[in-house]
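Novice: Can you read through this structure? Questions will come right after.
Every read-out reported here was derived from the displayed coordinates using simple, explicitly stated rules and does not represent laboratory data. Since we're looking at a predicted model, the values are computed, not measured. Note that each Cβ is placed from the backbone with ideal geometry, even for glycine, and that neighbours are counted across all protein chains shown.
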């Protein structure tokens, strides 16, 4: 257990002096917290939970003025501070020791750093290079010529196809497929003929890719995922797409071929992006939006076709009023004879 004072010191927070010696036994959500636990508040949506919480302490912003029975630890970013606090109570994930499992299948030409870890039944083909301290999980497949940087973590059953490149500190979750063929066919004489997909995929440093997401290899050249970008589960990224740095791509997003996306773009869940367009840096696309044209930098769009968020909200309100408007028009028509 840790005292409120110890927790506040670890996150650079301010706290009421009378709470300094109170012990905290662990973290919890505002709604589920019990006496002796700590939580955090960073979104107005949870204001009622904050007022009713049984948590002993809560991390809040420095300018917080709301009501709560819990002792407030004031910090710059409650969510980030809560992450640090959680790490103090929960043991860090176990890091497997370096070495190669006897059941792994490794081509003689593969180059593997001495401190890398290759787990059971991984398959590593000719010409693969694996950097320092990288962990290749059970059943992972690395095709010929793949390059894996340092400190990467490939969870079990991830697949990286031939000639693809992962930078440093890349995380692939289970079922992710990097470098599958792009979806390209020519139709001749009534039949679909496959177009060879000769390029690769380049994943830059500090990218994380969720479970069962797929990133297709380029028809020629490269499909690129920029530094620091985070991709959720069940995302499909097509051939020759270029995604910039530090983007957030949420679950079930689909991005069609040859689209270019700038830096710090957010694509919310189930957004669909057509091919051969450009989305500028700083753009936010709302959930289930369908984007079919270029988007200027820093735009905030939602809907299908997408429109500015304020305009979209006004449109939704008007649509909801249509039944009432219809009845009013019917009455007017009746009066008019």
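Novice: Could you go through region 43-53 and let me know if any residue there is free of Cβ contacts under 8 Å to residues at least 60 places away in the same chain, out of contact with any helix residue (DSSP H, G or I) (no Cβ under 8 Å at 6 or more places or on another chain), in a loop (DSSP other than H, G, I, E, B) and surrounded by 14 or more Cβ atoms within 10 Å (Cβ to Cβ).
Specialist: So far as region 43-53 goes, yes, one or more of its residues are free of Cβ contacts under 8 Å to residues at least 60 places away in the same chain, out of contact with any helix residue (DSSP H, G or I) (no Cβ under 8 Å at 6 or more places or on another chain), in a loop (DSSP other than H, G, I, E, B) and surrounded by 14 or more Cβ atoms within 10 Å (Cβ to Cβ).
Novice: One residue is enough: does region 312-332 have a residue meeting the conditions assigned to a helix (DSSP H, G or I), surrounded by 15 or more Cβ atoms within 10 Å (Cβ to Cβ) and free of Cβ contacts under 8 Å to residues at least 40 places away in the same chain?
Specialist: Scanning region 312-332, I find at least one residue that is assigned to a helix (DSSP H, G or I), surrounded by 15 or more Cβ atoms within 10 Å (Cβ to Cβ) and free of Cβ contacts under 8 Å to residues at least 40 places away in the same chain, so the answer is yes.
Novice: Being crowded, with 20+ Cβ neighbours inside 10 Å and free of Cβ contacts under 8 Å to residues at least 24 places away in the same chain narrows it down to one residue among 237, 231, 148; which is it?
Specialist: That would be 148, the only listed residue that is crowded, with 20+ Cβ neighbours inside 10 Å and free of Cβ contacts under 8 Å to residues at least 24 places away in the same chain.
Novice: Within region 277-304, which residues are under 28 Å from residue 195 (Cα atoms) and in contact with a strand residue (DSSP E or B) (Cβ under 9 Å, 6 or more places away or on another chain)?
Specialist: Those that are under 28 Å from residue 195 (Cα atoms) and in contact with a strand residue (DSSP E or B) (Cβ under 9 Å, 6 or more places away or on another chain): 277, 278, 279, 290, 291, 292, 294.
Novice: Within region 140-191, track down each residue that is at positive phi and part of a loop (DSSP other than H, G, I, E, B).
Specialist: Correct list: 145, 151, 157, 163, 169, 175, 189, 190.
Novice: How many residues, within region 62-82, are outside any loop (DSSP other than H, G, I, E, B) and in contact with a strand residue (DSSP E or B) (Cβ under 9 Å, 6 or more places away or on another chain)?
Specialist: Residues flagged as outside any loop (DSSP other than H, G, I, E, B) and in contact with a strand residue (DSSP E or B) (Cβ under 9 Å, 6 or more places away or on another chain) within region 62-82 amount to 9.
Novice: Here's something else I'd like to know. Filter region 114-123 down to residues that are in contact (Cβ under 8 Å) with a residue 24 or more places away in the chain and touching a strand residue (DSSP E or B) at 6+ places or on another chain (Cβ under 6 Å), then give me how many there are.
Specialist: Residues that pass the stated criteria total 0.
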